[in-house]
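Trainee: One structure coming up, written as C-alpha cells, with questions to follow.
The values are calculated or read from the model by the stated rules, or taken from the named source; none is laboratory data. Values in this document were obtained by computation on a predicted structure and should not be read as measured data. Protein only, heavy atoms only, side chains kept; ligands, DNA and RNA dropped before computing areas. Shrake-Rupley method; radii C 1.70, N 1.55, O 1.52, S 1.80 Å.
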Amino acid sequence: MGRVGTGPARPAWRGRLTDPAVPMLVLSSGAVAAGWYGPLLTWTVLGGLAGYSLSGSV
C-alpha cells in the first residue's frame with residue numbers, strides 16, 4: 001500500500017482567513033465607516049429615489 005501524505009489538512013492562510021476575528025474586524029470597520037458617512041449616504045439614496053420617481057420610471 002502507498003503512503004498517505006502527512007501534510008496539513010488545509011493551508012495556514014485559510015485558517016487565518018476563516019478565523020472569527022477577521023470577519024468581525026471587517027464588519028466593525030464597515031459599521032464605523034457607514035456611521036461616519038451616514039448622512040451623505042442617506043442623501044445619496046434619497047436623491048436617487050427622487051430622481052427615479054421624477055423620471056417617470058415608476
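Trainee: Would a scan of the stretch 14-32 turn up a residue that is assigned to a loop (DSSP other than H, G, I, E, B), at pLDDT below 70, open to solvent by less than 70 Å² (accessible area, probe 1.4 Å) and among the hydroxyl-bearing types (Ser, Thr, Tyr)? Spell out the reasoning first.
Mentor: So in the stretch 14-32, the residues assigned to a loop (DSSP other than H, G, I, E, B) come out as 18-20.
Adding the requirement that they be at pLDDT below 70 leaves 18.
Filter once more, so that each one left must be open to solvent by less than 70 Å² (accessible area, probe 1.4 Å): none.
Checked the stretch 14-32: no residue is assigned to a loop (DSSP other than H, G, I, E, B), at pLDDT below 70, open to solvent by less than 70 Å² (accessible area, probe 1.4 Å) and among the hydroxyl-bearing types (Ser, Thr, Tyr).
Trainee: While we're on this one: For residue 47, all conditions in the list (1) assigned to a helix (DSSP H, G or I); (2) at pLDDT below 90 hold save one; what is the number of the exception?
Mentor: Against the list (1) assigned to a helix (DSSP H, G or I); (2) at pLDDT below 90, residue 47 comes up short only on (2).
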